[in-house]
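Student: This is the structure I have questions about; it appears just below.
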Amino acid sequence: MFDLGFAELLIIGIVALIVIGPKDLPMVFRQVGRFVGKARGMAREFSTAMNQAADEAGVKDIQRTINTATNPVGSAMDGVKDAARDVTSSLSDLDPNSETGKLAAERAENARKIQAATARAQAERKTQEAADALKRAEELEAQAPKES
């Protein structure tokens with residue numbers, strides 16, 4: 001509610017020390033602490049009473065209904081997730097001798113071949129880059145003046 005930092009509290013304390021005096025300052029701080037404690041207690045009690053009244057009136061049920069009604073994408077996504085889960089479980093139960101099973105095996109084999117070809121091409125490219133770097137280093141070494 002009130003945003004008081006350490007610097008503000010320090011200034012308030014110094015001003016209170018000067019105005020009230022060191023003799024009466026502990027008594028004043030004790031009274032301020034009691035007042036703040038009572039205010040917090042009253043605020044907590046009020047908040048609790050309001051929450052209880054809202055629970056009795058069924059506000060939480062209405063709020064859940066409104067959240068569901070105002071967020072149709074969320075409820076639709078739940079349906080999509082359930083459907084995807086059902087499809088995934090049914091795909092793992094494929095018969096390998098069926099047309100779908102044969103097609104799935106063929107696609108998996110093609111994916112493995114593509115990955116192997118890509119890895120092979122990458123390795124060849126890295127080998128060529130290393131050979132070019134070595135050749136360039138040898139050229140620079142030959143061009144450098146020899147120090148004796």
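The numbers here are math on the coordinates, done by the rules we state, and not lab data. Remember, predicted model here, so these are calculated numbers, not experimental data. With ideal geometry, Cβ positions are generated from the backbone for all residues, glycine too; neighbour counts draw on all protein chains shown.
Student: Straight-line reach from LYS102: which lysines fall under 24 Å, measuring Cα to Cα and dropping same-chain residues less than 8 apart?
Tutor: Leaving aside lysines fewer than 8 places away in the same chain, those within reach of LYS102 are LYS113.
Student: Next question, about the same structure. For the range 94-143, report the % of Cα-Cα distances exceeding 15 Å.
Tutor: In whole percent, the long-distance tail amounts to 66.
Student: When N counts the residues of the range 6-59, how does its alpha-carbon radius of gyration compare numerically with 2.2 N^0.38 Å, as a ratio?
Tutor: Cα Rg divided by the expected 2.2 N^0.38 Å: 1.81.
Student: For an R0 of 30 angstrom, estimate the FRET efficiency from the Cβ-Cβ distance between ALA137 and ASN110 and round to the nearest 0.05.
Tutor: 0.15
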